[in-house]
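Taking it in order: structure first as structure tokens, then the write-up.
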Amino acid sequence: MKLISALNAAVSIAAVLTATLLTAILTLPLHANAQAPKTGSTFTIAGHAGETQLLQVNGKSYVEIETLARLTGGTLSFKDNRTILTLHPSDATEQASTPPAKPGFSRAFTEAGIEEMGVIREWRIAIVNAVQSNSPLSEDWISTHHRLAEKNLSLASAAASTDDDRSAYPLLSAELNNMQTLSDQYVATRKAASFISPDTFHSTPLEDQILSCAQNFVAMTESHAFQDQPSCH
């Protein structure tokens, strides 16, 4: 019995020593040569304000992801086991991605503008000839030309892609408005009288203005640069 007690005591002592040794081993650093993080040089991002300190660990440089998001103006999001940094375009990037407006008139706008002036010219000449020959124009004919002129004006608006195009578009709109006024005057005069003097709509201030605007518009497009045309207003 004394021998068994002695053996049990020896086993208990050995178990205690073993447990103590394991505890000491587990409390040792994982890497004996691991270094504590220390700050190094500053870190900046070109085109962004602010800076931060680099963290040096085992000879490598690190930046906190939260700090990186702050410096870049980005947004951190977390999904499942992923961390996502979303960068937003800066003003400089947006400006660089927007091409500068081309000078002069675009080909599409020039063609649409000249086509519009051609329709208005035909409309004007038809009214003048109808008065001079005393052969009235039907309202259906006038409505058809009005719709065609409106369509061409819409095409010119859609084709405007340069600053000069957009500056010249109001001239086309004003020319159509003036032509519509002349046409309305003709219709009202025709309804009020069975006969119209041949000179009623020939070389009047409004008719001359419409003719001058068309001529100046075509000449302006040939110069490839916008110039305001007072005759169109």
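Laboratory data are not the source of any read-out in this text; all were calculated from the coordinates shown. Predicted model only: the values in this text are computed from it and were never measured. Note that we place each Cβ from the backbone using ideal geometry, even for glycine, and neighbour counts take in every protein chain shown.
Taking label points 7 Å from Cα along the Cα-to-Cβ direction, Gln227 and Leu85 give a separation of 5.7 nm. Distant-in-sequence amide contacts of Gln53, defined by a placed amide H-H separation under 5 Å and a gap of 5 or more residues or a different chain, comprise Phe43.
A Förster radius of 25 Å combined with the Cβ-Cβ distance from Asp140 to Ala192 puts the calculated FRET efficiency at roughly 0.80. Looking at the range 149-222, the chymotrypsin sites (Phe, Trp or Tyr not before Pro) that sit in a DSSP loop and have at most 14 other Cβ atoms within 10 Å of their own Cβ are Phe195.
Annotation: peptides 82-88, 51-57, ranked by per-residue average of other Cβ atoms within 10 Å with the highest first, follow the order 51-57, 82-88.
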